[in-house]
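The values are calculated or read from the model by the stated rules, or taken from the named source; none is laboratory data. Since we're looking at a predicted model, the values are computed, not measured. Here Cβ is always computed from backbone atoms with ideal geometry, including for glycine, and neighbour counts include all displayed protein chains. Accessible surface areas use protein heavy atoms only, side chains included; no ligands, DNA or RNA. Shrake-Rupley method; radii C 1.70, N 1.55, O 1.52, S 1.80 Å.
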Amino acid sequence: MVDPTAGTAGPRLVVSGGRRLSGQVTVSGAKNSALKLMAASLLAPGTSVLHNVPDIQDVRTMQEVLEYLGAVVEFVDGTMTVDTTEVQSHVAPYELVQRMRASIQIMGPLVARFGRARVAMPGGCNLGPRKIDIHLRGLAAMGGEVRSDHGFVEVTATKLRAVDMFLEYPSVGATENLLMAAVMAEGTTTLENAAREPEIVDLCKFLISMGADIDGAGSSTVRVRGVTEMRPAEHTVLGDRIEAGTFLIAGAVTGGEVEAAGISPHVLDLFLSKLRSVGVQVHENTRSIRVSGDPDSYKAVDVATLPYPGFPTDLQAQMMVLLSLAKGVSMVTENVFENRFGFVDELIRLGADIRVDGNHAVVTGGRSLTGAIVQCPDLRAGAALAIAGLVAEGSTELREVYHIDRGYERFEEKLRNLGADVERIGQAGAGACF
Ligand code: EPZ
């Protein structure tokens with residue numbers, strides 16, 4: 001049947017089901033570290049160098065943000081140089097923040113170095129309202145004067161001062177903004193109930209190489225002793241654990257054997273133990289993880305997303321696909337975002353049996369999926385729908401694939417290299433917010 005709207009759908013991915021994936025995929029640098037490292041470079045005048053930076057839409061958007069501020073950015077073959085000598089603006093405009101919420105991570109560095117940041121307030125998005133109240137309360141506690149007008153939030157401070165702060169929620173972004181604000185504050189800042197994600201440890205390593213004095217990175221209590229100045233540094237971005245988990249699930253659902261290289265298994269501990277509970281064979285090496293298994297033997301398990309080291313919310317959608325195949329009834333509970341089941345309706349259109357009740361999704365597994373046209377509601381859900389297409393009978397056409405392009409480098413190429421039948425129709429495009 002010819003799809004009458006084919007010409008109007010924008011860039012799409014067409015995935016044909018039925019192929020077992022096998023082989024090795026090297027993960028790219030972590031999106032959720034690279035974006036913050038780029039922001040952190042604002043803390044020091046001069047040129048910082050970042051290696052293993054993924055060439056994805058969100059990195060290009062953050063490059064635009066830095067260039068808008070006056071930085072000079074070169075980005076070739078995964079190596080990025082950021083010269084912040086000429087940075088003179090402190091404003092992140094609406095169209096950039098609307099496109100990428102992570103633009104707000106420039107607040108901490110700008111206030112720390114220049115005493116001022118004016119950032120368009122990020123709107124809500126597909127995952128929920130995505131507030132920044134914890135960021136702003138922390139900056140205010142450090143002596144920042146916080147005002148909002150015309151859809152912007154502005155923070156000014158003659159000199160930030162160290163504080164002892166208990167975060168009401170271990171927010172990843174708030175922890176990062178406050179860490180960056182604290183590195184040159186007078187005195188010692190203590191962040192209690194800080195986020196513990198590996199990407200925060202990566203950021204702290206970079207900050208320390210810039211001259212910061214930080215203890216407790218990766219624990220719930222982080223201490224930052226303010227220094228008088230920061231200097232440019234060089235750093236290699238750690239591997240993307242979410243990309244690794246995405247490809248491991250792709251291997252598991254197809255009954256193939258896939259190895260994700262460039263990743264330390266310990267950053268995915270709970271996720272890997274859940275895969276084992278389902279019945280997936282998991283083999284861990286120092287810098288790689290290999291999975292294999294027979295989908296007919298997979299069993300239902302319950303999954304609840306939590307801040308790190310809990311089960312990652314960014315792998316919830318991908319896990320839902322695996323559970324749709326596993327025999328039995330699984331309960332998936334989303335504790336991090338208010339609305340992260342937006343893709344369930346699309347998965348149901350492929351034949352999954354899922355009932356959503358609040359932040360719980362009841363998945364009745366043992367299903368056979370059939371291909372259809374589906375819409376990607378966000379980055380990780382888009383990847384999950386591609387995974388579903390790998391096992392659905394017939395072909396699955398994913399629309400709104402710009403979401404995938406925001407966070408996965410060469411996504412379809414990596415899938416093809418593992419044996420998948422997937423092709424892109426139309427060009428990659430800029431993404432929307434979240
Ligand atoms: C980061 O988002 C990641 N993004 C997200 O990955 C990830 O899902 C999330 O952390 C949780 O791990 C980047 O690093 C760019 P949060 P962030 O602040 O920092 C609420 C992906 O797919 N909250 O920990 O925005 C918030 O509304 C993306 O790569 C407040 O209420 O996450 C949410 O419900 C998706 N007030 C929860 O906390 C605040 O001031 C988690 O948010 C801040 C957050």
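Between amide H atoms placed 1.01 Å from N, distances below 5 Å from GLY366 occur with LEU325, ALA326, LYS327, GLY328, all of them 5 or more places distant or on a separate chain.
When only Cα pairs below 8 angstrom with a gap of at least 6 residues are kept, region 31-236 shows a relative contact order of 21 percent.
The residues packed around ASP202, meaning those with a beta-carbon under 15 Å from its beta-carbon, carry a net charge of -1 if Lys and Arg are +1 and Asp and Glu are -1.
Amide H to amide H distances under 5 Å link GLU393 with LEU369, THR370, GLY371, where only residues 5 or more positions off or on other chains count and H is placed in the peptide plane. Which of ALA141, ALA162, ALA30 ends up with the largest GNM mean-square fluctuation for the chain, with Cα atoms connected below 10 Å? Fluctuation is largest for ALA141.
Here the chain exposes an accessible surface that is 48 percent carbon and sulfur, computed with a 1.4 Å probe and the other protein chains kept in place.
Distance distribution P(r), the chain, all Cα-Cα pairs, bin width 20 angstrom from 0: 27, 56, 17, 0 percent. Among beta bridges from DSSP that stay inside the chain, the antiparallel ones total about 70%. Amide H contacts for ALA92 (H built 1.01 Å from N in the peptide plane; partners 5 or more residues away or on another chain; cut-off under 5 Å): ARG118, VAL119, ALA120.
Can you tell me, using C-alpha contacts under 8 Å and at least 6 residues apart, the relative contact order of the chain as a whole percent? It would help to have the intermediate numbers written out before the result.
Working: 1081 pairs, mean separation 92.6, N = 434.
Relative contact order of the chain: 21 percent.
Checking the Cα-Cα distances for LYS31/LYS414; LYS36/LYS414; LYS274/LYS414; LYS31/LYS299; LYS31/LYS131 against a 28 Å cut-off, the pairs over it are LYS31/LYS299. Placing a label point 7 Å from the Cα of GLU234 along the Cα-to-Cβ line, the residues of region 22-56 whose backbone N sits under 14 Å from it are 47-52.
From the C-alpha gyration tensor of region 31-236, pull out the three semi-axes of the equivalent ellipsoid (sqrt of 5λ each), sorted largest to smallest, in whole Å. Don't jump to the answer; show the numbers that get you there.
Details: eigenvalues 95, 79, 57 Å².
Value: 22, 20, 17 Å, ordered largest first.
Accessible area per residue for region 1-152 is 39 Å², calculated with a 1.4 Å probe on protein heavy atoms, without ligands, DNA or RNA. Near PHE271, within a Cβ-to-Cβ distance under 11 Å, what is the net charge of the other residues, with Lys and Arg +1 and Asp and Glu -1? Around PHE271, the charge tally is +1. Think of a 1.4 Å ball rolled over the protein heavy atoms: region 365-422 then has 29 Å² of accessible area per residue.
Largest mean-square fluctuation among HIS403, HIS360, HIS90, in a Gaussian network model of the chain whose springs join Cα atoms under 10 Å apart, belongs to HIS360.
When the Gaussian network model of the chain links Cα atoms closer than 10 Å, the mean-square fluctuations of VAL227, VAL237, VAL53 top out at VAL227. Each residue of region 243-248 was assigned a 3J(HN,Hα) from its phi angle through the Karplus expression (A = 6.51, B = -1.76, C = 1.60, θ = phi - 60°), giving 5, 4, x, 4, 6, 5 Hz with x at Gly and Pro. Summed over all non-identical Cα pairs, the Kirkwood treatment of region 53-119 gives a radius of 12.2 Å. For region 270-280, the Karplus equation 6.51 cos²θ - 1.76 cosθ + 1.60, evaluated at θ = phi - 60°, returns couplings of 5, 4, 5, 6, 5, 4, 5, 5, 6, x, 7 Hz by residue, with Gly and Pro reported as x. Subtracting the Cα-Cα distance of ARG276 and ASP357 from 0.36 nm times their residue separation leaves 26.5 nm of extension gain. Gain on full extension, evaluated as 0.36 nm per residue between GLN88 and ALA304 minus their Cα-Cα distance, stands at 73.3 nm. Sequence-ordered 3J(HN,Hα) estimates for region 70-84 from the Karplus curve with 6.51, -1.76 and 1.60 and θ = phi - 60° stand at x, 6, 10, 10, 10, 9, 9, 6, x, 9, 10, 10, 10, 9, 9 Hz, glycine and proline given as x.
Each peptide in 324-332, 289-297, 175-183, 239-247 gets a packing score, the mean of other Cβ atoms within 10 Å over its residues, and the list from highest to lowest is 175-183, 239-247, 324-332, 289-297.
R0 = 35 Å: FRET efficiency of GLU168 with ASP294, Cβ-based, nearest 0.05? Given R0 = 35 Å and the Cβ-Cβ separation, E is 0.20. Once C-alpha pairs closer than 8 Å and six or more residues apart are averaged by separation and normalised to the residue number of region 283-434, the relative contact order reads 17 percent.
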